[in-house]
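*Asks:* Would you mind keeping the following structure in view while I ask a few things?
The values are calculated or read from the model by the stated rules, or taken from the named source; none is laboratory data. Computed from a prediction, not measured in an experiment: that's the story for all the values here. Using ideal geometry, Cβ is built from the backbone for each residue, glycine included, and neighbour counts are taken over all protein chains shown.
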Amino acid sequence: MVSDVDAAAAALPALTTWEALSDQAHVTAGQRLLIRGGTGAVGAFLTQFAHEMGAEVTVTVTSASAEARARGLGADHVVVTAPYSEASDLQAFDVAIDAVGGDVPEWMYASVRPGGQLVVLQEPPSQKLADKYGIRAFFFVVRTRRDRLEELAALIAAGQVEVTIAQTFPLSAGKAAYESGSLPKPRPGKTVILVP
């Protein structure tokens, strides 16, 4: 059985992850994958699912505590960077996925080998930078798929995948939940409003 909180926190991030890895980038075992933000709501699923697919997973995080968490989720390599800093030493990845959002830094484009792929989850990438580095960079809008939701429910119920929940709020504190989106979270993951 999957709790309502886990279901609310998992559905969109997990569907986004599956589509990014399987349907868009076609990640296969042995490929080198870079995830910017490997412990957030989407990043945690990316790290777990890519690990299970047999990819060599490298993630970026912004704290030592997030480093331990990323390794626990299945990251092979973890790079701790200051927020919004350069990670210019990361190179030759087959696929890179930005799970942070906002402006995708140029080092993400440079981290992908020529002919490789950059997947951006929140807004279309810069085609100018993609052309500069000889990569395919793209954005997509996730589609709802019942079969994947059923598979996700089975994985969560069996304890085979971890759902990241940052915080919960009662419905009566809906305004505070909304405002928390612009504040640092106590831990990575989704914010869930509890509806009685």
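*Asks:* Out of everything in region 87-107 that is within 18 Å of residue 41 (Cα to Cα) and not acidic (Asp, Glu), what residue ends up being nearest to the chain's Cα centre (by Cα)?
*Replies:* Across region 87-107, the extreme among qualifying residues is 99.
*Asks:* Would you confirm, using the coordinates I've provided, whether residue 172 is hydroxyl-bearing (Ser, Thr, Tyr) and either within 21 Å of the chain's Cα centre (by Cα) or closer than 22 Å to residue 18 by Cβ (or both)?
*Replies:* Numbers: hydroxyl-bearing (Ser, Thr, Tyr): yes; either within 21 Å of the chain's Cα centre (by Cα) or closer than 22 Å to residue 18 by Cβ (or both): no.
No, not satisfied.
*Asks:* While we're on this one: Select from region 142-177 the residues that are buried (at least 17 other Cβ atoms within 10 Å of the Cβ) and touching an Asp or Glu at 6+ places or on another chain (Cβ under 8 Å) and write down the one among them that is farthest from residue 191 (Cα to Cα).
*Replies:* 142
*Asks:* Another question, then. Tally up the residues in region 64-115 that are at pLDDT below 90, in contact with a strand residue (DSSP E or B) (Cβ under 7 Å, 6 or more places away or on another chain) and of a type in the set (Ser, Thr, Tyr), please.
*Replies:* 1
*Asks:* Checking residue 129 against (1) closer than 23 Å to residue 19 by Cα; (2) touching an Asp or Glu at 6+ places or on another chain (Cβ under 7 Å); (3) at pLDDT 95 or above, which test does it fail?
*Replies:* (1)
*Asks:* Which residue pairs have Cβ atoms under 9 Å apart, sit 6 or more places apart or on different chains, and have a first residue in region 146-161 that is touching a residue at least 24 places away in the same chain (Cβ under 8 Å) and a second that is of a type in the set (S, T, N, Q) and in a loop (DSSP other than H, G, I, E, B)?
*Replies:* 156/3
*Asks:* Of (1) under 16 Å from the mean Cα position of the chain (by Cα); (2) part of a loop (DSSP other than H, G, I, E, B); (3) farther than 24 Å from residue 110 by Cα, residue 1 satisfies all except one. Which?
*Replies:* So the condition that residue 1 fails would be (1).
*Asks:* If we keep just the residues of region 25-46 that are polar (S, T, N, Q) and either without any contact (Cβ under 8 Å) to a residue 12 or more places away in the chain or in contact with a strand residue (DSSP E or B) (Cβ under 6 Å, 6 or more places away or on another chain) (or both), which is nearest to residue 159 (Cα to Cα)?
*Replies:* Of everything passing the filter in region 25-46, 39 is nearest to residue 159 (Cα to Cα).
*Asks:* Out of curiosity, is residue 81 among the β-branched types (Val, Ile, Thr) and touching a residue at least 24 places away in the same chain (Cβ under 8 Å)? Let's see the steps before the verdict.
*Replies:* Working: among the β-branched types (Val, Ile, Thr): yes; touching a residue at least 24 places away in the same chain (Cβ under 8 Å): no.
So residue 81 does not fit the description; no.
*Asks:* Hey, which of the helices (runs of 4 or more DSSP H) in region 84-196, taking only ones fully inside, have at least 2 residues that are under 28 Å from residue 65 (Cβ atoms)? Before the answer, list the steps.
*Replies:* Numbers: elements: 106-110, 127-133, 146-157, 174-179.
The qualifying helices (runs of 4 or more DSSP H) are 106-110, 146-157, 174-179.
*Asks:* Can you tell me which condition residue 50 does not meet? The list is (1) surrounded by fewer than 19 Cβ atoms within 10 Å (Cβ to Cβ); (2) over 30 Å from residue 196 (Cβ atoms), and all the others hold.
*Replies:* (1)
*Asks:* One residue is enough: does region 2-21 have a residue meeting the conditions surrounded by fewer than 21 Cβ atoms within 10 Å (Cβ to Cβ), modelled with pLDDT of 95 or more and touching a strand residue (DSSP E or B) at 6+ places or on another chain (Cβ under 6 Å)?
*Replies:* Within region 2-21 (the criterion being surrounded by fewer than 21 Cβ atoms within 10 Å (Cβ to Cβ), modelled with pLDDT of 95 or more and touching a strand residue (DSSP E or B) at 6+ places or on another chain (Cβ under 6 Å)), the answer is no, since none of the residues qualifies.
*Asks:* Tell me, please, whether a residue that is buried (at least 24 other Cβ atoms within 10 Å of the Cβ) and closer than 23 Å to residue 152 by Cα can be found in region 74-93.
*Replies:* Checked region 74-93: at least one residue is buried (at least 24 other Cβ atoms within 10 Å of the Cβ) and closer than 23 Å to residue 152 by Cα.
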